[in-house]
Amino acid sequence: MTYRDAIREALRKALRADDRVFLMGEDVGRYGGCYAVSKGLLAEFGPERIRDTPLSESAFVGAGIGASLGGMRPIVEIMTCNFSLLALDQIMNNAATLLHMSGGQFNVPVVIRMATGGGRQLAAQHSHSLEGWYAHIPGIKVLTPATLGDAHGMLLTALQDPDPVLIFENALLYNMEGDLPAGAGPVEIERARVRRPGRDVSVITYGNGLWKSLEAAKDLAEKGIEAEVVDLRTLRPLDDRTLVESVSRTHRALIVDEGWRSGGIAAEVSARLLEQALYDLDAPIERLCGAEVPMPYAAHLEKESIPQVATIRAAIEKMVAAHG
Amino acid sequence: MNGVREHRLELLRQMLLIRRFEEKCAELYTQQKIRGFLHLYIGEEAVGVGVHQALTPEDAIVSTYREHGHALARGISPGSVMAEMFGKQEGCSRGRGGSMHLFDAKTRFYGGNAIVGGGLPIAVGLALADKMRGKTRVTACFFGDGAVAEGEFHECMNLASLWKLPVLFVCENNRYAMGTRLDFTHSVTDLTKKAGAYCVPAAAPDGMDVLAVEEAAKSAAEYVRTGKGPFFLECRTYRFRAHSMYDPELYRDKAEVEEWKKRDPIPALIRALESGGKVDAEVAEIEGQTAAEIEQAIAFAEAGTLEPVADLLRFVYSEKAPA
Amino acid sequence: MPSLGADMTEGTLVQWNVKPGDRIKRGDIIAVVGTEKADIEVEVYETGIVEKLMAQPGDKLPVGTPIAVIRREDEAPSASAAASAPPLPATAQPAERVKASPMARKLAQELGVDLEKIKGTGPHGVIERHDVEEAAKLKQAAMPAAAPPPAPPAAVAGMRHAIAVAMARSNREIPHYYLSTRVDMSAALDWLQECNSKRPIETRILPAALLLRAVARGLVQVPELNGFWADDRLNVAPDVHLGVAISLRGGGLMVPAILSAQQKTIEEMMAALRDLITRARTGRLRSSEITEGTVTVTNLGDLGVETVFGVIYPPQVALVGFGKIVDRPWAAARGMLGVRPVLTATLAADHRATDGHRGAQFLQILDGLLQEPGKL
């Protein structure tokens, strides 16, 4: 099963279980989904529940908000986070704020999914990683599933949430093969998880960064360096407790984040670790982030712009160099 | 003819309530009881009141930051609106919204929105939900002539038309988008033509005539309820006061304002009533009741309480799942 | 004013052994405090200079009231002292601040190591944790004969006294009842062996961690055994802070707590236990760990004792005891006799808070949990 299949399974389960749920977005129906996530769903559920929209991000995201206010449970698919900017007003000024502006009267149970990330030579306008940026906004939840279990289970949990949930799926993960245990269901969405226990450094990451970090950790184990890899899973709210607990044992932290460095989610995690675990730190916190340049097209430059297994490995080695 | 007279007196009562309420707000604003931005509906009462005659309690309303008139016409109590503007937790949005963000779940009043054009997609979505649930309710969506230039207007008209959604788009064309006149905003100033571009039927009643607006709105709402799709109502109206309290109105002639004041919807309705006999007594009674109602609203607001500061971080997420 | 026992609420300062300006080091006796029972010597856990004394002999103060301020060598004198004085001349300024990581600083303080005397091996000569640990070891090694015991004699006397007070109170006030059960540990030990075969020595899990985990989970199901007797009633605690009885070389006994034990996995419990023992023995416990236990576990199996009849540490309401795992004849399925590794687990409980029924349920649950170690 692939990550894509796992999401489709979740969509199917949700559509079957609750007739308030429907999927809406560009090319989700007849095209089968830009990333083939919704392939086959139109035939199974019909055009009322799998709705192809015009290229009108603001209108259809806002319509998702309105439909959720009106009692439905829409899943809005924005093709990629790059296009979500056209709907940013609806997300920030309506979805995230209606509950508050109405003094608690109107909650917005909308789920918005988008593909994110770079690495396929799609250049500057198609390679953003904006999940960290969205995590700045109070009133929404921002999920970044990296595993099949999470891609599947987080969507199911998001549909139960009374408030807006944004789910960012790294486009490079769609083809990833893995296992989804039989009977897999909703998973909690507010805790980070230690994916690989370790001793020498806490590598804190999410999305595709998880798999690169795990590979780097595996390589380094042969050299006697035991890196603990923590999957943030959710960028808003952040699970401080798990992060602090990890660093209190390893005394070093490396944050791997594909988004741009300045003011990104890595900066936020770093600040929280300084606030809550300063006296457990034996070295400065390091961040390995997206280079601060619009994504270049040329393959070698693009590769250089995003954290890779080799750079993660090198960063860990450097941090652990003196005393192992 | 009594029924007609009664009804017209009712329309008058509603318009006068809005007028006197708004006048009071201006005064209270100068006394700093109301803060932030204040956008008054004075001059446009016929639109709000007229359209509301076509709506039922099951219908929904999405509005703009100039929504006091809509809120009052919809039946949200003046006290609750005033308390909201005073920032008290007894206000309809608990003091969290202010003048531009009046919300009321009981009357399906989905706000006050400060982003021009920001409410249209929400209205489309509410209508979509109704359609998917097989309900024949109308979602009335108010917006101004400025919003018609926003991308959201075009996206929403297209989507509502394409999916045949039950939205009553009501454009309150008061000829000025803040300080920019219609002909400096639109290449096509007959806004009904834009509806036509999306195959949406349209009408353009005289927005200064509450009876005309009422008639057009009822017809439009009836159409929408049949499920045939959205309707676009362009109400040509005028605001007698500035865009908001901070506006020195450098963009229009005083003479123009005076011309439009001659078409004030309230005296116009009174003249219409007088054609059936004197109304001085009734008008005086309405004025008296309205004044009392507004005084009561102010007293309610003054007596209101502030939300505890310790509760600041509430309403970011829901506190319990809705039923 | 230090807390020198669970039931101590205030103390009287009897005398100071130091005055402002004196240099002190960790372990020095800085004062004598009078409690209900006796006068107790108070040791200090800091190394530095006495800056200010905030209590006078004869003052009776609640536990927790600050009674002295100690300044570390490398800190500047406090602002209040400097405020009224003219700015210090350049020559009197403290030496340039030593570069050390936050972890290293904290450790240096706990271990009584002088940062200024350490050469750092981190980037740009920064002192790191490793450097402090090495320095501490050297310091120990340099004083072989007079190796300072983790619990200096005076402190042991104080500690014994406090234990005496608490145990006497316990015996006096708490109506104990005792229950014991025998637990077949074969499933648990098999599981541990399987689990540990894949682990490096440093992270192997000891049976003790399994027992602690089972106790924590058992208490979640029987919360009346986890809390305090106060104001004539049971106050159930929301978290399980497992007090682990640790004996110290030199005769002391400490019962620091593993905080929020119910949330820890077995690995986490083992790590916490290992860490706690190390720090207890080197005197580097945090006060919250010493004072916040909500229940106590005593594991004397290593000493060959089969059954533990413990004394509850007030104001807790229970104490779980584990003895040695002994091979015993055991009635296996179908009336067949086999041999199993058996552990005797005991519960000492406060009869004001629970009765035997509840206590028995706890032991039954504990047994059940230990039969399915994979689920712990």
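Derivation of every value follows stated rules applied to the coordinates shown; laboratory data play no part. Owing to the predicted nature of the structure, the values given are computational and were not obtained by experimental measurement. We place every Cβ from the backbone using ideal geometry, glycine too, and count neighbours over all the protein chains shown.
Below, the figures for the structure above:
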| quantity | calculated |
| --- | --- |
| Square roots of five times the Cα gyration tensor eigenvalues for the range A:3-173, Å | 22, 20, 15 |
| Modelled FRET efficiency - R0 22 Å, C:Asp39 with C:Arg160, Cβ distances, 0.05 increments | 0.95 |
| Among beta bridges that DSSP assigns inside the range B:165-323, antiparallel share in %, nearest 5 | 20 percent |
| Distance in nm between pseudo-label sites at B:Ala105 and A:Ala17 (7 Å out along the Cβ direction from Cα) | 2.4 nm |
| Surface/4 of the Cα convex hull for the range B:211-251, nm² | 4.4 nm² |
| Relative contact order, percent, the range B:2-300 [alpha-carbon distance under 8 Å, six or more residues apart] | 23 percent |
| Modelled FRET efficiency - R0 25 Å, B:Lys254 with B:Val4, Cβ distances, 0.05 increments | 0.10 |
| Among B:Ala303, B:Ala177, B:Ala147: highest mean-square fluctuation, GNM of chain B, C-alpha pairs under 10 Å | B:Ala303 |
| Antiparallel %, DSSP beta bridges [both residues in the range B:2-300], to 5 | 15 percent |
| Solvent-free Debye scattering, log10 I(q)/I(0), computed from the Cα coordinates of the range C:176-375 at q = 0.18 Å⁻¹ | -1.31 |
| Using distinct alpha-carbon pairs, which all enter the 1/r mean, Kirkwood radius of the range A:193-320 in Å | 14.4 Å |
| Stokes-Einstein D for chain B, Kirkwood Rh over Cα pairs, 25 °C, 0.890 mPa s (µm²/s) | 122 µm²/s |
| For the range A:1-96, the fraction of alpha-carbon pairs in successive 5 Å shells from zero, as % | 3, 14, 25, 24, 20, 11, 2, 0 |
| Helix A:148-160 axis, angle to chain A major axis (alpha carbon atoms, nearest 10°) | 50 degrees |
| Using alpha-carbon coordinates, inclination of helix A:309-320 to the longest axis of chain A, degrees | 40 degrees |
| Point-to-point label distance, A:Arg30-C:Glu194, nm (Cα→Cβ direction, 7 Å offset) | 5.6 nm |
| The range A:1-112 - percent relative contact order, Cα under 8 Å, separation 6 or more | 26 percent |
| Angle between chain A longest axis and helix A:3-17 axis [Cα atoms, degrees, rounded to 10] | 40 degrees |
| Estimated distance in nm for a label pair at A:Ala43 and C:Lys119, the labels positioned 7 Å out from Cα along Cα-to-Cβ | 7.5 nm |
| Sequence-separation-based contact order of the range B:1-118, relative, with Cα cut under 8 Å and 6+ spacing, percent | 24 percent |
| Residue-averaged [θ]222 nm for the protein assembly as shown, counting only DSSP H segments that reach four residues, each worth -39500 (n - 2.57) | -11000 deg cm²/dmol |
| Proximal lysines to C:Lys137, defined as alpha-carbon separation beneath 19 angstrom and excluding residues fewer than eight positions away on the same chain | C:Lys25, C:Lys106, C:Lys117, C:Lys119 |
| Where Rh is the Kirkwood radius over Cα pairs, Rg/Rh for the range B:1-45 | 1.20 |
| Rg ratio (alpha-carbon, reference 2.2 N^0.38 Å) - the protein assembly as shown | 1.19 |
| Beta bridge orientation in the range C:176-375: antiparallel %, DSSP, nearest 5 | 80 percent |
| Cα Rg over Rh - the range B:1-159, Kirkwood | 0.98 |
| Residue with peak Gaussian network fluctuation, chain B [Cα springs, cutoff 10 Å], from B:Lys254, B:Lys193, B:Lys33 | B:Lys254 |
| Debye log10 I(q)/I(0) for chain A, one point scatterer per Cα, at q = 0.10, 0.11, 0.13 Å⁻¹ | -0.56, -0.68, -0.93 |
| Cα coordinate range in the range A:99-161, projected on the principal axes (Å, largest first) | 45, 27, 14 |
| Within-14-Å neighbourhood charge of C:Ala142 [Cβ basis; K, R +1; D, E -1] | +1 |
